Amino acid sequence: PCKTHTCSFYVKKRSPLIEDVIQLINDNIAEDHTLSRISKTMHISPGHLSKVFTQEMGMTLTEYVNRKKVAYGMYLINTTDDKISAIASMCGVKDNNYFSRLFKKYVGMSPIEYRKMK
């Protein structure tokens, strides 16, 4: 790594705590991953987890979880013929409209529009 300035290709090594949080989210994407729940699982305060996660990941824990759910939704749309409502459920989002809003926010189109493109 550069010592005089930050290079765009240099990625900071994540702490074991954040690696564990990411692993928990990735292994159980359909779970309800809230800051409160994860902080209890990791035995740390929600404030500390929030601060460390945002510092190391450059986004909030909630945004990370939502991005992972949408990415999994994209994968399922690409690899299955399941209904969007079933895919939303598999991604841990019980409200289809909320899933569609999240999807559109991160992908730029609705899940149905995305499916039509493939």
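Computed from the coordinates by the stated procedures, all read-outs in this text should not be read as laboratory data. Please read these numbers as outputs of a predicted model, since none were measured by experiment. We place every Cβ from the backbone using ideal geometry, glycine too, and count neighbours over all the protein chains shown.
Exactly which trypsin sites (Lys or Arg not before Pro) in the range 69-114 are in a DSSP loop and have at most 11 other Cβ atoms within 10 Å? Walk me through the intermediate numbers first.
Numbers: sites: Lys69, Lys83, Lys94, Arg101, Lys104, Lys105; in loops: Lys83, Lys94.
Counting only loop positions with at most 11 other Cβ atoms within 10 Å, the trypsin sites (Lys or Arg not before Pro) in the range 69-114 are Lys83, Lys94.
Taking each pair of distinct Cα atoms in the chain once, what is the resulting Kirkwood hydrodynamic radius in Å?
Hydrodynamic radius (Kirkwood, Cα only) of the chain equals 15.7 Å.
According to a simple spin-label model (label point 7 Å from Cα along Cα-to-Cβ), what is the distance in nm between Ser85 and Thr60?
Spacing of the two 7 Å Cα→Cβ label points: 3.0 nm.
Compute the distance in nm between two label points, each set 7 Å from the Cα along the Cα-to-Cβ direction, one at Lys105 and one at Asn26.
2.3 nm
Based solely on its DSSP helices, what 222 nm [θ] is calculated for the chain when runs of n ≥ 4 H residues each add -39,500 (n - 2.57) and the sum is averaged over all residues, nearest 500 deg cm²/dmol?
Helix contribution divided over all residues of the chain: -20000 deg cm²/dmol.
Assigning unit charges at the beta carbon (Lys, Arg +1; Asp, Glu -1) and nothing else, what dipole magnitude in debye, to the nearest 20, does the range 14-95 show about its Cα centre?
So the magnitude is around 200 debye.
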